[in-house]
Amino acid sequence: MATVVTRVRRSFSTHWYAWAMVLPVVIVLAVLVGYPLGKGVYLSFTDANEANVGRTIGVNHIEATYKSVGLDNYWKVLSGQEGHFYSRLGWTVVWTGSCVFLHYTLGLGLALLLNRPMRFRAVYRVLLILPWAVPAFVATFSWRLMFNEKYGVLNAFLTKLGMDPVDWLGDATLQKVSAVAVNVWLGVPFMMVAILGGLQSIPRELHEAAEMDGATPWQRFRYVTLPGLKTVSGTVILLGVIWTFNMFQVIYLLIGQGASSESEILVTYAYRLAFQGVRDYAGSATYGILILSLLLVFAVFYRRMLSRQEAVR
Amino acid sequence: MSTARPAGAPKHRPREQRSRTASAALHTALVAASLVSVFPVAFIVFVSLRGRDGWQEPTRPAGFDVSNYSHILGETKFLTWFGNSVIVALGATVLGVLIAATAGYAVSRMRFPGHRPLMWTFLVVQMFPMAVLIVPLYNILGDLELLDSYTGLIVTYCSISVPFCAWMLKGYFDTVPVEIDEAGRVDGLTPFGTFWRLIVPLARPGLAVTGFYSFITAWGEVAFATQFMSSEEHYTLAVGLQTFVGQQKAEWGLMTAAAVLITIPAALVFFIAQRHLVAGLTAGGTKG
């Protein structure tokens, strides 16, 4: 016992400085992330909604009357009784997959084009980065105007070309395509710049050596460029998946905040559960926890896959 | 090994020289991509200069005036919202960078129990969908009577940006040579003194970048602001912009003018920071 105490005391005296320096962050994270997360987990085991949570109106305080329902919420969602989870999950996966795929391939393509000496290179670079500089909510509203069925500029162009106008944001499928387009427009510059940085860190000698050995441009791309981009790609794809999976603004502001629609992803649906109609706090919390679990599982598998590839090489 | 290469091995032009057609194709592709990326921005600027109803004829280049701008500046609460956004974004930036910097430094230089779990926390917190946190945070802030106040929103934004900033700053501090710390220690500075007097001045670019990042995140946040700021006096720009294009009315002319004014500060901050932003991002991410 005494040894434990001395060990703790010694560890404290050597490390108290470090602990003092990380303390503010730990407090902020504990109060604003840890505690809400715990509360969210707790709410997901109850039937809390707007009507039965405690609140104070004026001087009257109304006691909370919600009660624990065990795993009921999860069971309802996962067994499909609640009816929306799997279709939304499917669309969220398609949304994330297509967005990240397009972000990455377009970003890679543009980075390859930019990564060579030529005229106006700096100009192109600035112009291509521009979408990143526009706040996402502003960009989304702007695209909504461009997609407008009657007065939108896209339909004006289509009419000039002699085609019928398209109701971009009306039909469910087109809504989804439009949302992907907006998000791709927003996200490509980040990938492009990150990959460009990766390209520039590949030593020139590698390319020259490959060229001396008679490698075709495709072979150089396949066996020099792509392996050289591995670490950067690993990071940006992981970040891209997380950001896109949780991309709230684009869907919420583009599709509108009204009635239920097929093009909502899990995050926007959870948000709507919590803040529209009868506020279903428990249902929203359940969705939130499920989203988080999905992402965590993905991140763990993804990192493991990357390190396994590393080990093989 | 490679001494006996077949005589017919293809010879390649050195990469600096390009044929005329290749060059033309390259520039065509880049011009096309640039058009796609610039068009929406240019279009919004164009519409905003066309007066209140100009957006209904998007292809007619006539009737320019600045009435949209004078209207939103003079007759809406735009300037109040703008001020709110500035207060909230700056508050979140200063607070966030300060606490992220000390934590980033500690994680970068000191090996202490809890070091690895902390790095993991920084990474995992970035995955949190706001849907998990928003309801509990709403209730907590309600209990503390911080709903519809600057403080509540500032603190909330801190929790979003701090993990990422600490992560990035750790990567940045790793690039500052340890010898500097040792010199400081030899000269009798405390670890915190070393950090504050020697490392912070050296790390100014890194701090600036994380500051810009927090600012831009707070400037563009929608979900929390929409729920937490309920009175029109306290709207941030992200909430205010939604009022121009609501269920009943669609003032797209005003919306575009507001969009331009909102984008200008964000874009300025962004273009100053962007070069370093990506370096910090990928450095922090790969060194884990």
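Worth pointing out:
- Scanning segment B:128-150 for residues that are at pLDDT below 80 and not β-branched (Val, Ile, Thr) gives B:PHE128, B:PRO129, B:MET130, B:ALA131.
- Residue match in segment B:74-91 (condition: touching a residue at least 60 places away in the same chain (Cβ under 8 Å), within 26 Å of A:ALA20 (Cβ to Cβ) and in contact with a Cys (Cβ under 6 Å, 6 or more places away or on another chain)): no
- Within segment B:107-125, restricting attention to residues that are free of Cβ contacts under 8 Å to residues at least 40 places away in the same chain and within 9 Å of chain A (Cβ to nearest Cβ), the residue that is farthest from B:VAL209 (Cα to Cα) is B:PRO113.
- Scanning segment A:199-233 for residues that are within 8 Å of chain B (Cβ to nearest Cβ), in contact with a Lys or Arg (Cβ under 9 Å, 6 or more places away or on another chain) and touching a residue at least 12 places away in the same chain (Cβ under 8 Å) turns up just one, A:HIS207.
- Of all residues assigned to segment A:190-202, at least one qualifies as being over 29 Å from A:GLY90 (Cα atoms) and surrounded by fewer than 13 Cβ atoms within 10 Å (Cβ to Cβ).
- Within segment A:180-206, the set of residues being outside any helix (DSSP H, G or I) and β-branched (Val, Ile, Thr) comprises A:ILE202 only.
- Checklist (1) at negative phi; (2) part of a loop (DSSP other than H, G, I, E, B) applied to A:GLY162, failing item: (1)
- When we screen B:ALA89, B:ALA100 for residues that are within 22 Å of B:THR194 (Cβ to Cβ), surrounded by 15 or more Cβ atoms within 10 Å (Cβ to Cβ) and hydrophobic (A, V, I, L, M, F, W, C), the only hit is B:ALA100.
- Within segment A:165-175, the set of residues being of a type outside the set (A, V, I, L, M, F, W, C) and assigned to a loop (DSSP other than H, G, I, E, B) comprises A:PRO165, A:ASP167, A:GLY170, A:ASP171.
- Candidates B:GLY96, B:GLY104, B:GLY83, B:GLY91 - the one that is within 13 Å of chain A (Cβ to nearest Cβ), part of a helix (DSSP H, G or I) and under 22 Å from B:LEU146 (Cα atoms): B:GLY96
- In segment B:42-66, of all residues being touching a residue at least 60 places away in the same chain (Cβ under 8 Å) and in a helix (DSSP H, G or I), the one that is surrounded by the fewest Cβ atoms within 10 Å (Cβ to Cβ) corresponds to B:VAL45.
- Among the residues of this structure, A:ARG222 counts as one that is assigned by TED's automatic domain parsing to the domain that holds A:ARG204 and surrounded by fewer than 17 Cβ atoms within 10 Å (Cβ to Cβ).
- Some residue of segment B:119-141 being under 25 Å from B:LEU198 (Cα atoms), surrounded by fewer than 23 Cβ atoms within 10 Å (Cβ to Cβ) and in the same structural domain as B:TYR157 (by TED's automatic domain parsing): yes
- Exclusive hit being at pLDDT 90 or above and of a type outside the set (Gly, Ala, Ser), set B:THR28, B:THR76, B:THR59: B:THR28
- Screening A:SER178 with (1) among the hydroxyl-bearing types (Ser, Thr, Tyr); (2) within 11 Å of another protein chain (Cβ to nearest Cβ); (3) buried (at least 22 other Cβ atoms within 10 Å of the Cβ) gives one miss only, at (2).
- If the condition is being without any contact (Cβ under 8 Å) to a residue 24 or more places away in the chain, part of a helix (DSSP H, G or I) and within 9 Å of another protein chain (Cβ to nearest Cβ), then segment B:196-243 contributes B:THR226, B:LEU241, B:GLN242.
The values are calculated or read from the model by the stated rules, or taken from the named source; none is laboratory data. Values in this document were obtained by computation on a predicted structure and should not be read as measured data. With ideal geometry, Cβ positions are generated from the backbone for all residues, glycine too; neighbour counts draw on all protein chains shown.
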